[in-house]
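The values are calculated or read from the model by the stated rules, or taken from the named source; none is laboratory data. This structure is a prediction, so every number in the text was calculated from the model and none was measured. Backbone-built Cβ (ideal geometry, glycine too); neighbour counts: all protein chains shown.
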2 protein chains.
Amino acid sequence: MTETRAYHHGDLRRALLAAAVVAIEEVGPAALSLRDLARRAGVSHAAPAHHFGDKAGLLTALAAEGFDRLAQTLTATGDDLLEAGVAYVDFAVTHRAYFEVMFRPELYRADDAEVIAARGRASAALRSGVVALSTGGAPADPDRDSLAAWSIAHGFATLWLAGALPARVGDNPREAARAVLSRPPPTNTPPPSPPPAR
Amino acid sequence: MTETRAYHHGDLRRALLAAAVVAIEEVGPAALSLRDLARRAGVSHAAPAHHFGDKAGLLTALAAEGFDRLAQTLTATGDDLLEAGVAYVDFAVTHRAYFEVMFRPELYRADDAEVIAARGRASAALRSGVVALSTGGAPADPDRDSLAAWSIAHGFATLWLAGALPARVGDNPREAARAVLSRPPPTNTPPPSPPPAR
DNA sequence: TCGGTAACTTGTCAGTGGCAAGATTGCGCG
DNA sequence: CGCGCAATCTTGCCACTGACAAGTTACCGA
């Protein structure tokens with residue numbers, strides 16, 4: 001969409017985004033420095049501003065691209081809910097920089113049109129797994145179910161990235177995610193409907 | 001533990017932490033400025049450094065306090081797993097500044113002794129709900145179950161804070177969390193045991 | 001070939017984190 | 001009682017950053 005062709009220096013826009021991914025993986029999205037990106041790309045300190053306006057502009061582009069890639073990944077996975085969850089976690093780990101920016105809306109312009117569009121595609125892809133499953137019979141509330149599915153995958157991914165999980169989960173995110181996602185936590189108190197005197 | 005008594009200016013250490021909570025709720029933990037905290041507390045720009053060494057030191061103190069408060073909250077909630085999950089989400093929303101720092105280990109010294117201790121208390125409190133439930137019969141793997149329970153509560157809380165949830169979930173975090181947590185997502189591919197032919 | 005414009009540079013300014021050195025204050029102890 | 005002394009806080013400084021303004025370069029089309 002906003003494809004800027006290369007004039008002088010090759011595709012600087014692309015180069016800056018690539019450098020940003022590397023830098024974010026090294027120091028996190030908050031400590032990202034535009035001047036550092038410029039140095040990595042071999043241009044002057046003000047070059048990034050030309051392509052992205054400001055730091056938020058660059059992160060907006062990154063977030064949009066991230067949601068787009070996530071949507072593609074989920075779509076390619078198909079309608080298997082468990083596989084979609086595993087793919088979600090895998091995306092977070094293998095595209096850490098994108099993922100961390102995507103869910104920090106205070107760092108970019110979350111109301112950007114491209115971001116909203118790409119986000120919608122990702123949401124739809126995630127939801128389709130739940131809907132497909134609900135035709136199987138059991139689920140009654142797809143809204144709530146897809147929220148629950150999203151929450152558990154997102155929570156596991158976030159905790160993994162934060163290094164908050166205990167060492168015993170191992171170092172293979174796909175495997176660990178599959179184990180956790182395939183066995184949702186049990187409920188103790190039933191929903192506020194009639195007590196279990198059925 | 002590290003209680004610094006007030007000498008000249010009242011309890012500056014406490015005042016700075018309180019100011020940090022307010023500032024983080026306004027601009028996020030990354031955009032936090034030590035100089036802004038100093039201004040809010042009416043001291044010179046270098047005063048914070050004396051109490052916390054550097055920015056990471058201040059956030060380390062905040063994280064430790066946050067894990068401690070979370071542990072207290074969860075302990076007070078008792079052994080009901082659903083209530084613990086709701087309390088977790090409620091903590092994240094009502095103590096947003098603490099929560100956001102706690103799970104951004106790149107911002108502070110996660111290997112700090114007090115942080116590790118407080119974190120351990122919180123983990124234990126969370127886990128006790130699952131263990132208590134497992135005596136009820138069903139669950140076979142408390143490790144995996146507590147990870148799943150933690151993931152779904154953490155994911156929902158994180159998505160809520162990021163403003164990523166659709167508008168239809170409403171504006172009452174406790175209520176919304178209860179709905180989602182009481183109905184974990186269904187599994188499609190059953191665990192490699194017999195299929196759901198019950 | 002020449003004007004226009006996109007792409008980039010140079011220069012600058014306010015704000016920030018962190019360090020060093022100094023000033024102030026109140027407590028411990030003789 | 002008062003003196004040393006350490007904890008507390010201030011002043012001053014430097015390197016770095018994001019943002020802006022103004023200038024320069026290189027390409028493209030007429």
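Could you check the stretch B:154-163 and list, in sequence order, the residues that are under 15 Å from B:Glu83 (Cα atoms) and at the interface with chain A (Cβ under 7 Å from one of its Cβ atoms)?
Within the stretch B:154-163, B:His154, B:Phe156 qualify.
Is it the case that some residue within the stretch B:45-63 is over 15 Å from B:Pro105 (Cα atoms) and among the polar types (S, T, N, Q)?
Checked against the condition, which is being over 15 Å from B:Pro105 (Cα atoms) and among the polar types (S, T, N, Q), the stretch B:45-63 yields no hits at all.
Please go through (1) at the interface with chain B (Cβ under 8 Å from one of its Cβ atoms); (2) assigned to a loop (DSSP other than H, G, I, E, B) for A:Trp150 and return the number of the only condition it doesn't satisfy.
Looking at each condition in turn, A:Trp150 falls short on (2).
Scan the stretch B:132-149 and tell me whether some residue there is at pLDDT below 95, of a type in the set (Asp, Glu) and over 22 Å from A:Trp150 (Cβ atoms).
Within the stretch B:132-149, one or more residues are at pLDDT below 95, of a type in the set (Asp, Glu) and over 22 Å from A:Trp150 (Cβ atoms).
Going through the stretch A:95-111 one residue at a time, which ones are under 11 Å from A:Leu70 (Cα atoms) and surrounded by fewer than 20 Cβ atoms within 10 Å (Cβ to Cβ)?
Answer for the stretch A:95-111, where residues must be under 11 Å from A:Leu70 (Cα atoms) and surrounded by fewer than 20 Cβ atoms within 10 Å (Cβ to Cβ): just A:His95.
Right, B:Ala47: away from DNA strand D (no atom under 13 Å from the Cβ), farther than 18 Å from B:Val115 by Cβ and more than 14 Å from every other protein chain (Cβ to nearest Cβ) or not?
In short, no.
Working only within the stretch B:80-124, note down all residues that are of a type in the set (D, E, K, R) and within 9 Å of chain A (Cβ to nearest Cβ).
Passing the criteria: B:Asp80, B:Glu83, B:Arg104, B:Glu106, B:Arg119.
Can you say whether B:Ala92 is surrounded by 17 or more Cβ atoms within 10 Å (Cβ to Cβ), in contact with a Phe, Trp or Tyr (Cβ under 8 Å, 6 or more places away or on another chain) and closer than 27 Å to B:Gly155 by Cα, as far as the supplied structure shows?
When the stated conditions are applied, B:Ala92 passes them.
Going through the stretch B:30-83 one residue at a time, which ones are charged (D, E, K, R) and either part of a loop (DSSP other than H, G, I, E, B) or within 16 Å of DNA strand C (Cβ to nearest atom) (or both)?
B:Arg35, B:Asp36, B:Arg39, B:Arg40, B:Asp54, B:Lys55, B:Asp79, B:Asp80 - these are the residues of the stretch B:30-83 that are charged (D, E, K, R) and either part of a loop (DSSP other than H, G, I, E, B) or within 16 Å of DNA strand C (Cβ to nearest atom) (or both).
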